[in-house]
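A short worksheet on the structure shown next.
The values are calculated or read from the model by the stated rules, or taken from the named source; none is laboratory data. Predicted, not measured: the structure shown is a model, and the values here were computed from it. Methodologically, a virtual Cβ is constructed for each residue, glycine included, from the backbone with ideal geometry; neighbour enumeration extends over all protein chains shown. Only protein heavy atoms, including side chains, enter the accessible area calculation; ligands, DNA and RNA are left aside. Shrake-Rupley method; radii C 1.70, N 1.55, O 1.52, S 1.80 Å.
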Amino acid sequence: MTTIIDQLAPADEAELSEILTAASGDRQPLRILGGGTRTETAHIAGTPLDVSAISGVVTYEPGEMTLIARAGTPLPEIEAMLEAEGQSLAFEPPDLRGVLGGRGIPTIGGAIAANASGPRRIRTGACRDHLLGLRFVDGPGRILRNGGRVMKNVTGLDLSRLLCGSHGTLGVLTEVAIKTLPHAQARATLGFHGIDELRALGIFSKALATPYEVSGAAFLDGTAWLRIEGLPPQVEYRQQRLLEMFGAHDIQTLDGAATRELWRGLRDVAHFAGDLPLWRILVKPTDAAAIVARLHDLGGQVSLDWGGGLIWYCGPGEASSLRQIAPHATLVRRGGVPGPAFPPEAPAITRLSQELRRRFDPAGILNPGLMDS
Amino acid sequence: MSGIIMPQPDSTILARAAQIVAALREVLPEDTVISDGNETRAYECDALTAYRCPPLAVVLPRSTAEVAAAMRVCSDMGVPVVPRGAGTSLAGGALPTADCVVIGTARLRDVLEIDTDNRFMRVQTGVTNLSVSEVLAPHGFFYAPDPSSQLACTIAGNIAMNSGGAHCLKYGVTTNNLMGATVVLTSGEIVEFGGPQAGAAGLDLLGLLCGSEGQLGIVTEAVLRILPRPEGARPVLIGFDSAEVAGECVARIIRSGVLPVAIEYMDEPCLRAVENFAKAGYPDCPAVLIVEVEGSPDEIAVQIAHIREIADALNPVEFRESRNADDALAIWKGRKSAFGAMGRLGDYICLDGTVPVGQLPHTLRRIGELSKEHGLEVANVFHAGDGNMHPLILFNANEPGQLERAEAFGADILRLCVEVGGCLTGEHGVGIEKRDLMTAQYDPDDLAIQMEVKDVFDPAWLLNPAKVFPLESSARYRQRAAE
Ligand SMILES: Cc1cc2nc3c(=O)[nH]c(=O)nc-3n(C[C@H](O)[C@H](O)[C@H](O)COP(=O)(O)OP(=O)(O)OC[C@H]3O[C@@H](n4cnc5c(N)ncnc54)[C@H](O)[C@@H]3O)c2cc1C
């Protein structure tokens, strides 16, 4: 391989495998691009490897709730195809283009590689919970498979979960099998205005302890939002019960269309577009109130998702101060903040992760340093 | 012993048995180490009872620290370790070897924390699956994965096998309900993976550990996701005059947007056995579905109306609703007694493979043909919503050669599952039972990368040896570890 090449763009898996074999031999680092929506990877050294041509839906069986697609398939294409059958990706992959300033089109492979999970995580789980199996190519160019296309599968070690969220550092995804779900026939949202995070968290923990299958619990700009979904009479019933339960509050209700609109924005963190540093912080929901208070002291803005389990913080602060407040803080948009983007882990976990990377990518060519190790 | 080969025990370890036991006794409380041959015999097998072998010793620690101490001794002395929960594995996952120490979870039985505000609980992994739901009940919560063996099986075994149950269709299997685990690595190091916060930013090592069949570490504590109990649940029973139509009904229900908690399927041989045994009063027809939905009485009524509309279009032999708790019990009675009823008919092996739901009718037809070819009867009762089949092959253990024939028939069925796009095991795991079939599903490289992952966690290949990976495939790694 010559060093003049400034962009690699394999047409298929076999070509990708050849490229990786050669790059491993030359110890030439690669920066993997799906849709190229994540500008935050721009600092990664390496020749861009554009895998968007490895694209197309392989099979979609609505009656089996299964979709198999090549990794470069654009998410909008998949979403439209599912929509036509009354289904969707229940993990609501966020579209972070607004937040990250990316211009490309998000791909399914990119969503899986980032374990991109939206507000419904509290109800139906994360992206990784909807992944059935995958094909990928490892650093030396081996074409590998794990899992399958069926809902239940415990055959051998679960590398699918391991690859999901590995940001391309263990292998380049080429094909993914995911579970689709019928989307709700009806939806509604309850809004509690004029409250602070502490009261919002109280509402969340009460609402999420009910059997009404609350499928979104977020807080933004002094309003706590609860989403309910299901068959039309179910939504009506659940809404009624929640209204009774929180009778003391002045509650706004949103219809289906307004609900879609609102949660799309919350999912994409549209409210924190711009170029200030943006942090994604995972916490135990009852710890959120104290953490939020300290984040406010740093001078930035906060929103909550996942019933308080996910805090978005947009504003100033050094990495060290952020992580002192909340250890599980990931820097999603740098905004000039130096240092590792991923939170530090226990030494044993770091050691195991590094050793695993060496097995999947002995030459260290796959997005080196992207996950700070 | 039958078809599945286990490696010869390491004679150098057997020769050091007394020293090994003494070393364990030195670091552990008096009653924690069992080495008496009469007592270790109780651990010689799991629920795959055709395979038995008493271990060199059994250790029953009371804390993570004691597990770590035992693990360190075994590592230092190069002794294989077989982790064990309740021993209900149907795949031989907990089968000991003569040169191994069994580390069991029987005394790790504490519920450490119940936190309904954050919707998780923390337990020692020796607690049984059922007891977890029992302690949660007064709080109005439950833990979703519910294997039929829940009375006996432990959270440790559930995590190791990524176990499922009837309610998986809606709530997912163990991996979807596990938030964290405390694990003793082969080095004796104690590591926490995940925790009560949602997810982690780094590699999903927790996801890797779940379902790893005791190959990567010993899980001593777990953080489990807990859910508020639904207001109620009701089953309906639908009879069809062909397997095809029943399969079609399953697919249509799933497409429709109603998400039942469970869709269970029983075929004619199974229905016949159940009728003779439990007198459940099921309709006399080739295929029965039990579909359960959840919610308030009104919500249940809406969902059942939907299901009835779908079923009616397919001319069912019968559509039976439950009006009250007694009706509901009557509908579940036959399904719940199915394994017992089959047991009455003779010995059986219970298989576990998954196929795409659309392939159910074809797979059932092929299983029928294979049954004739092998000259053994088979009955089908399984979780249809996710295509997870449990064919039960009937045989007579006292007749020489029948077990081998049943195993050969079983292997054919599992290969069929893979052929139609499914997998070798949906929830029971590979263990020794499917070890040698792994090459039917995975290419050599696919297996190699899994073994390299094992190598990272267990460089000496001491944990649960000779399981999951075909012996020829793993020979290179085991040899390198031994050097
Ligand atoms: C009648 C019957 C019905 C069943 N129904 C179902 C069902 O509906 N769904 C289902 O999924 N399964 C079912 N099973 C299978 C079995 O019950 C499950 O696999 C169960 O999770 C095993 O739990 P256990 O505690 O008995 O584990 P064991 O059998 O003791 O061990 C299982 C595996 O886990 C490993 N292990 C045990 N403890 C640890 C630990 N602390 N750390 C690491 N690894 C460990 C063992 O080495 C072994 O490989 C059934 C079994 C029977 C006999």
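Of the listed requirements (1) over 25 Å from A:Phe272 (Cβ atoms); (2) crowded, with 24+ Cβ neighbours inside 10 Å, A:Gly110 misses just one: (1). In region B:187-196, of all residues being in contact with a helix residue (DSSP H, G or I) (Cβ under 7 Å, 6 or more places away or on another chain), more than 7 Å from chain A (Cβ to nearest Cβ) and assigned to a loop (DSSP other than H, G, I, E, B), the one that is least open to solvent (accessible area, probe 1.4 Å) corresponds to B:Gly188. When B:Gly199, B:Gly211 are checked against the criterion of being at the interface with chain A (Cβ under 7 Å from one of its Cβ atoms) and modelled with pLDDT under 95, B:Gly199 stands alone in meeting it. Counting only strands (runs of 3 or more DSSP E) that sit wholly inside region A:47-92, those with at least 1 residues that are open to solvent by 30 Å² or more (accessible area, probe 1.4 Å) and within 27 Å of A:Arg260 (Cβ to Cβ) are A:57-61. Out of region A:310-353, which residues are closer than 29 Å to B:Val453 by Cβ and open to solvent by 60 Å² or more (accessible area, probe 1.4 Å)? Result: A:Pro327, A:His328, A:Pro340, A:Pro344, A:Glu345, A:Pro347, A:Arg351. Within the option set A:Leu370, A:Leu298, being open to solvent by less than 60 Å² (accessible area, probe 1.4 Å) and either facing chain B (nearest Cβ under 9 Å) or touching a Pro at 6+ places or on another chain (Cβ under 9 Å) (or both) holds for one residue only, A:Leu298. Screening B:Ala91 on (1) touching a helix residue (DSSP H, G or I) at 6+ places or on another chain (Cβ under 7 Å); (2) within 12 Å of the ligand (Cβ to nearest atom) shows it passes everything except condition (1).
Check whether at least one residue in region B:139-161 is outside any helix (DSSP H, G or I), under 23 Å from A:Asp158 (Cβ atoms) and more than 10 Å from the ligand (Cβ to nearest atom), and report yes or no. Yes: one or more hits. Scanning region A:254-267 for residues that are touching a residue at least 40 places away in the same chain (Cβ under 8 Å) and surrounded by fewer than 16 Cβ atoms within 10 Å (Cβ to Cβ) yields A:Asp255, A:Ala258, A:Arg260.
Within region B:350-374, count every residue that is within 12 Å of chain A (Cβ to nearest Cβ) and away from the ligand (no atom under 16 Å from the Cβ).
The qualifying residues number 7.
Tallying residues that are open to solvent by less than 10 Å² (accessible area, probe 1.4 Å), assigned to a loop (DSSP other than H, G, I, E, B) and within 8 Å of the ligand (Cβ to nearest atom) within region B:163-186 yields 2.
In region B:150-176, the residues that are farther than 24 Å from A:Leu181 by Cβ and at pLDDT below 95 reach residues that are open to solvent by 10 Å² or more (accessible area, probe 1.4 Å) and among the β-branched types (Val, Ile, Thr) with C-beta atoms within less than 9 angstrom, at least six apart or across chains, in these pairs: B:Gln150/B:Thr128; B:Leu151/B:Thr128. The set of residues from region B:94-127 being within 12 Å of the ligand (Cβ to nearest atom), in a loop (DSSP other than H, G, I, E, B) and among the polar types (S, T, N, Q) comprises B:Thr97, B:Thr105, B:Thr125. Take the conditions (1) open to solvent by less than 10 Å² (accessible area, probe 1.4 Å); (2) farther than 17 Å from A:Arg264 by Cα; A:Pro119 misses just one of them, which is (2). Here the helices (runs of 4 or more DSSP H) wholly within region B:375-483 that include at least 2 residues being touching a His at 6+ places or on another chain (Cβ under 7 Å) and away from the ligand (no atom under 15 Å from the Cβ) are B:402-419.
Residues B:Leu416, B:Leu424: which one is aliphatic (A, V, I, L, M) and either closer than 19 Å to B:Phe339 by Cβ or within 16 Å of the chain's Cα centre (by Cα) (or both)? Result: B:Leu424 is the single residue among B:Leu416, B:Leu424 that is aliphatic (A, V, I, L, M) and either closer than 19 Å to B:Phe339 by Cβ or within 16 Å of the chain's Cα centre (by Cα) (or both). In region A:353-373, the residues that are at pLDDT 95 or above form Cβ pairs under 7 Å with partners that are surrounded by fewer than 21 Cβ atoms within 10 Å (Cβ to Cβ) and among the aliphatic types (A, V, I, L, M), at six or more places apart or across chains, as follows: A:Glu355/B:Val456; A:Leu356/B:Val456; A:Arg359/B:Val456.
Just checking, does region A:204-224 include any residue being surrounded by fewer than 20 Cβ atoms within 10 Å (Cβ to Cβ), out of contact with any Asp or Glu (no Cβ under 6 Å at 6 or more places or on another chain) and of a type in the set (Lys, Arg)? Yes, there is a match, as at least one residue in region A:204-224 is surrounded by fewer than 20 Cβ atoms within 10 Å (Cβ to Cβ), out of contact with any Asp or Glu (no Cβ under 6 Å at 6 or more places or on another chain) and of a type in the set (Lys, Arg). Of the listed requirements (1) open to solvent by 10 Å² or more (accessible area, probe 1.4 Å); (2) closer than 19 Å to A:Ala200 by Cα, A:Ala270 misses just one: (2).
Quick check: is even one residue across region B:28-42 within 23 Å of the chain's Cα centre (by Cα), within 13 Å of the ligand (Cβ to nearest atom), not assigned by TED's automatic domain parsing to the domain that holds B:Glu407 and not in a helix (DSSP H, G or I)? Step through it out loud before you land on a result.
Step one: of region B:28-42, the residues within 23 Å of the chain's Cα centre (by Cα) are B:42.
Pick out the ones that are also within 13 Å of the ligand (Cβ to nearest atom) and you get B:42.
Narrowing the set further to residues that are not assigned by TED's automatic domain parsing to the domain that holds B:Glu407 leaves B:42.
Now narrow it down to the ones that are not in a helix (DSSP H, G or I): none.
No: zero hits.
From the residues in region A:131-168 that are within 7 Å of chain B (Cβ to nearest Cβ), open to solvent by 10 Å² or more (accessible area, probe 1.4 Å) and basic (Lys, Arg), which one is nearest to B:Gly421 (Cα to Cα)? Only one residue fits best here, namely A:Arg149.
All of B:Ala69, B:Ala23, B:Ala18 fail the test of being in a helix (DSSP H, G or I) and open to solvent by 70 Å² or more (accessible area, probe 1.4 Å), apart from B:Ala18.
Check region B:237-253 and report whether any residue there is closer than 23 Å to A:Tyr237 by Cβ and of a type outside the set (Gly, Ala, Ser). So far as region B:237-253 goes, yes, one or more of its residues are closer than 23 Å to A:Tyr237 by Cβ and of a type outside the set (Gly, Ala, Ser). Considering the conditions (1) closer than 18 Å to A:Gly118 by Cβ; (2) touching a residue at least 60 places away in the same chain (Cβ under 8 Å); (3) among the acidic types (Asp, Glu), A:Asp275 is excluded by exactly one of them, (1).
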